[in-house]
Amino acid sequence: MRIYKQQQNWSKALEQGLKATQDDPADVDAWYEIALVAAQIDSYDVMLLAIDETLERTDKYNAEIAQIRTAEYNDLFNGAVQDFNNDDFEKAKAKLELALRINSSRANAPKLLGMIAQRNDDIPGALAYYRQGLDADTTDCDLARQYAMMLNTNGDTDQAISVMKRTHAANLD
(Lines give C-alpha, C1' and ligand atoms only; values in the text may rest on other atoms or scores of the structure.)
Protein backbone atom coordinates (compact mmCIF):
# COMPACT_ATOMS: atom_id res chain seq x y z
CA MET A 1 0.00 0.00 0.00
CA ARG A 2 2.79 2.43 0.90
CA ILE A 3 4.51 2.00 -2.45
CA TYR A 4 1.29 2.84 -4.28
CA LYS A 5 0.82 5.85 -2.00
CA GLN A 6 4.33 7.08 -2.84
CA GLN A 7 3.48 6.68 -6.52
CA GLN A 8 0.17 8.47 -5.89
CA ASN A 9 -1.63 5.50 -7.40
CA TRP A 10 -4.55 6.01 -5.07
CA SER A 11 -6.87 3.36 -6.48
CA LYS A 12 -4.20 0.64 -6.15
CA ALA A 13 -3.27 1.88 -2.68
CA LEU A 14 -6.91 1.70 -1.65
CA GLU A 15 -7.24 -1.77 -3.12
CA GLN A 16 -4.20 -2.96 -1.15
CA GLY A 17 -5.45 -1.35 2.06
CA LEU A 18 -8.84 -3.01 1.75
CA LYS A 19 -7.13 -6.33 1.12
CA ALA A 20 -5.04 -5.81 4.26
CA THR A 21 -8.15 -5.24 6.37
CA GLN A 22 -9.79 -8.33 4.88
CA ASP A 23 -6.77 -10.34 5.94
CA ASP A 24 -6.63 -8.65 9.36
CA PRO A 25 -9.75 -6.65 10.27
CA ALA A 26 -8.05 -5.42 13.46
CA ASP A 27 -5.15 -3.77 11.57
CA VAL A 28 -5.64 -0.23 12.80
CA ASP A 29 -2.75 1.13 10.74
CA ALA A 30 -4.31 -0.22 7.55
CA TRP A 31 -7.66 1.35 8.45
CA TYR A 32 -5.99 4.69 9.04
CA GLU A 33 -4.08 4.45 5.75
CA ILE A 34 -7.34 3.64 3.97
CA ALA A 35 -8.87 6.81 5.42
CA LEU A 36 -5.96 8.85 4.09
CA VAL A 37 -6.10 7.31 0.63
CA ALA A 38 -9.88 7.47 0.36
CA ALA A 39 -9.70 11.19 1.21
CA GLN A 40 -7.28 11.66 -1.70
CA ILE A 41 -9.80 10.30 -4.19
CA ASP A 42 -12.92 11.77 -2.57
CA SER A 43 -14.25 8.33 -1.70
CA TYR A 44 -16.14 9.68 1.29
CA ASP A 45 -18.11 6.56 2.23
CA VAL A 46 -14.90 4.51 2.39
CA MET A 47 -13.10 7.33 4.19
CA LEU A 48 -15.80 7.60 6.85
CA LEU A 49 -15.91 3.83 7.32
CA ALA A 50 -12.12 3.71 7.71
CA ILE A 51 -12.21 6.62 10.16
CA ASP A 52 -14.87 4.86 12.24
CA GLU A 53 -12.93 1.59 12.19
CA THR A 54 -9.74 3.39 13.22
CA LEU A 55 -11.38 5.32 16.04
CA GLU A 56 -13.08 2.18 17.35
CA ARG A 57 -9.69 0.53 17.78
CA THR A 58 -7.35 3.30 18.92
CA ASP A 59 -6.92 6.95 19.77
CA LYS A 60 -3.43 6.91 18.24
CA TYR A 61 -4.60 8.76 15.12
CA ASN A 62 -7.12 11.18 16.65
CA ALA A 63 -5.20 14.33 15.70
CA GLU A 64 -4.54 13.09 12.16
CA ILE A 65 -8.17 12.10 11.69
CA ALA A 66 -9.28 15.52 12.91
CA GLN A 67 -7.04 17.04 10.23
CA ILE A 68 -8.52 14.77 7.55
CA ARG A 69 -12.04 15.72 8.60
CA THR A 70 -11.20 19.43 8.61
CA ALA A 71 -9.52 19.35 5.21
CA GLU A 72 -12.28 17.34 3.53
CA TYR A 73 -15.03 19.39 5.16
CA ASN A 74 -13.37 22.64 4.07
CA ASP A 75 -12.92 21.40 0.49
CA LEU A 76 -16.56 20.36 0.25
CA PHE A 77 -17.83 23.54 1.90
CA ASN A 78 -15.73 25.80 -0.33
CA GLY A 79 -16.91 23.91 -3.41
CA ALA A 80 -20.49 24.28 -2.22
CA VAL A 81 -20.06 28.03 -1.79
CA GLN A 82 -18.78 28.24 -5.35
CA ASP A 83 -21.76 26.20 -6.58
CA PHE A 84 -24.14 28.37 -4.53
CA ASN A 85 -22.66 31.53 -6.02
CA ASN A 86 -23.18 30.01 -9.49
CA ASP A 87 -26.84 29.26 -8.62
CA ASP A 88 -26.23 25.48 -8.78
CA PHE A 89 -28.10 24.75 -5.59
CA GLU A 90 -28.43 21.00 -6.13
CA LYS A 91 -24.67 20.57 -6.45
CA ALA A 92 -24.10 22.82 -3.45
CA LYS A 93 -26.63 20.88 -1.38
CA ALA A 94 -25.02 17.53 -2.21
CA LYS A 95 -21.58 18.80 -1.16
CA LEU A 96 -22.94 20.33 2.03
CA GLU A 97 -24.71 17.13 3.03
CA LEU A 98 -21.43 15.26 2.55
CA ALA A 99 -19.63 17.91 4.59
CA LEU A 100 -22.12 17.38 7.42
CA ARG A 101 -21.50 13.64 7.34
CA ILE A 102 -17.81 14.37 7.78
CA ASN A 103 -18.29 16.94 10.56
CA SER A 104 -21.69 17.85 11.90
CA SER A 105 -20.33 20.12 14.63
CA ARG A 106 -19.81 23.18 12.44
CA ALA A 107 -22.47 25.77 11.71
CA ASN A 108 -21.57 27.00 8.24
CA ALA A 109 -22.86 23.99 6.25
CA PRO A 110 -26.33 23.96 7.88
CA LYS A 111 -26.44 27.75 7.50
CA LEU A 112 -25.83 27.53 3.75
CA LEU A 113 -28.28 24.62 3.48
CA GLY A 114 -30.82 26.86 5.22
CA MET A 115 -30.17 29.61 2.69
CA ILE A 116 -30.67 27.12 -0.16
CA ALA A 117 -33.91 25.87 1.39
CA GLN A 118 -35.06 29.46 1.88
CA ARG A 119 -34.35 30.29 -1.77
CA ASN A 120 -36.41 27.26 -2.74
CA ASP A 121 -39.28 28.47 -0.52
CA ASP A 122 -38.82 25.47 1.78
CA ILE A 123 -39.46 27.35 5.01
CA PRO A 124 -39.67 24.27 7.30
CA GLY A 125 -36.42 22.97 5.80
CA ALA A 126 -34.70 26.34 6.19
CA LEU A 127 -35.82 26.59 9.81
CA ALA A 128 -34.54 23.08 10.53
CA TYR A 129 -31.14 23.79 8.98
CA TYR A 130 -30.80 27.12 10.78
CA ARG A 131 -31.69 25.42 14.06
CA GLN A 132 -29.08 22.73 13.36
CA GLY A 133 -26.50 25.44 12.71
CA LEU A 134 -27.34 27.22 15.96
CA ASP A 135 -27.10 23.94 17.84
CA ALA A 136 -23.55 23.65 16.50
CA ASP A 137 -22.60 27.28 17.23
CA THR A 138 -24.75 29.21 19.67
CA THR A 139 -22.63 32.35 19.18
CA ASP A 140 -23.21 32.86 15.44
CA CYS A 141 -25.07 36.19 15.47
CA ASP A 142 -25.68 36.27 11.71
CA LEU A 143 -27.20 32.79 11.77
CA ALA A 144 -29.31 33.66 14.82
CA ARG A 145 -30.54 36.78 13.04
CA GLN A 146 -31.52 34.80 9.92
CA TYR A 147 -33.24 32.15 12.01
CA ALA A 148 -35.06 34.71 14.17
CA MET A 149 -36.17 36.67 11.12
CA MET A 150 -37.70 33.53 9.60
CA LEU A 151 -39.34 32.60 12.89
CA ASN A 152 -40.76 36.10 13.16
CA THR A 153 -42.04 35.98 9.56
CA ASN A 154 -43.71 32.68 10.40
CA GLY A 155 -45.47 34.36 13.32
CA ASP A 156 -43.31 32.87 16.08
CA THR A 157 -42.15 36.17 17.56
CA ASP A 158 -41.59 34.78 21.07
CA GLN A 159 -39.29 32.06 19.73
CA ALA A 160 -37.45 34.64 17.59
CA ILE A 161 -36.82 36.82 20.64
CA SER A 162 -35.68 33.80 22.63
CA VAL A 163 -33.15 32.83 19.92
CA MET A 164 -31.65 36.31 19.88
CA LYS A 165 -31.45 36.44 23.69
CA ARG A 166 -29.71 33.04 23.85
CA THR A 167 -27.20 34.06 21.20
CA HIS A 168 -26.52 37.36 22.91
CA ALA A 169 -26.02 35.57 26.26
CA ALA A 170 -23.71 32.99 24.65
CA ASN A 171 -21.57 35.80 23.22
CA LEU A 172 -21.25 37.41 26.67
CA ASP A 173 -19.84 34.21 28.21
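Carbon and sulfur: what percent of the chain's accessible surface (1.4 Å probe)? Don't skip to the end; give the middle numbers.
Working: 4470 of 9580 Å².
Roughly 47 percent of what the probe reaches on the chain is carbon or sulfur.
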To the nearest Å², the heavy-atom accessible area per residue of region 13-125 with 1.4 Å probe amounts to 51
Cys141 and Asn78 label points (each 7 Å along its Cα→Cβ direction) are spaced in nm at 2.7
Rounded to 0.05, the calculated FRET efficiency for the beta carbons of Thr58 and Glu15 at R₀ = 22 Å is 0.40
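Net charge around Ile65, counting only other residues with Cβ within less than 15 Å of its Cβ (Lys, Arg = +1; Asp, Glu = -1)? Please report the intermediate quantities before stating the final value.
Values: positive: Arg57, Lys60, Arg69, Arg101; negative: Asp29, Glu33, Asp52, Glu53, Glu56, Asp59, Glu64, Glu72.
Residues close to Ile65 contribute a combined charge of -4.
Any chance you could count the Lys pairs in region 27-173 whose alpha carbons are under 20 Å apart, treating pairs 8 or more apart or on different chains as valid?
Working: Lys91/Lys111; Lys93/Lys111; Lys95/Lys111; Lys111/Lys165.
Final tally of qualifying lysine pairs is 4.
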Here D for region 44-165, in µm²/s, from Stokes-Einstein with a Kirkwood Rh over Cα pairs at 25 °C and 0.890 mPa s, works out to 159
Protection proxy (average C-beta count within 10 Å per residue), highest first, orders 45-56, 106-117 as 106-117, 45-56
Simple SL model, points at 7 angstrom along Cα→Cβ for Arg166 and Ser105; separation in nm is 1.9
If every Lys and Arg gets +1 and every Asp and Glu gets -1 at its Cβ, then about the Cα centre region 21-122 yields a dipole, in debye to the nearest 20, of 560
Using alpha carbon centers only, region 1-53 is separated from region 96-153 by a whole-angstrom value of 33
So Ile41 and Ile123, fully extended at 0.36 nm per residue minus their Cα-Cα distance, gain in nm 26.0 nm
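Efficiency by 1/(1 + (r/R0)^6): what FRET value for Ile3 and Ala94, r their Cβ-Cβ distance, R0 = 41 Å, to the nearest 0.05?
Details: r = 34 Å, r/R0 = 0.83.
Step by step, r from the Cβ atoms, then E = 0.75.
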Toy charge model, Lys and Arg Cβ at +1, Asp and Glu Cβ at -1: the chain dipole around Cα centroid in debye, rounded to 20, equals 320
When the charge dipole of the chain is computed with +1 on Lys and Arg Cβ and -1 on Asp and Glu Cβ about the Cα centre, the Cα farthest towards its positive end, among Asn9, Tyr147, Gly133, belongs to Tyr147
When every protein chain stays in place and a 1.4 Å probe is rolled, Asp140, Asp29, Asp87 sorted by accessible area with the largest first are Asp87, Asp29, Asp140
Projected onto the charge dipole of region 1-93 (unit charges on the beta-carbon of Lys, Arg, Asp and Glu, signs +1, +1, -1, -1), the Cα from Ala20, Leu76, Tyr44 with the largest positive-side position is that of Ala20
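The values are calculated or read from the model by the stated rules, or taken from the named source; none is laboratory data. Since we're looking at a predicted model, the values are computed, not measured. Virtual Cβ from ideal backbone geometry, glycine too; neighbours counted across all protein chains shown. Surface accessibility is based on the protein's heavy atoms, side chains included, excluding ligands, DNA and RNA. Shrake-Rupley method; radii C 1.70, N 1.55, O 1.52, S 1.80 Å.
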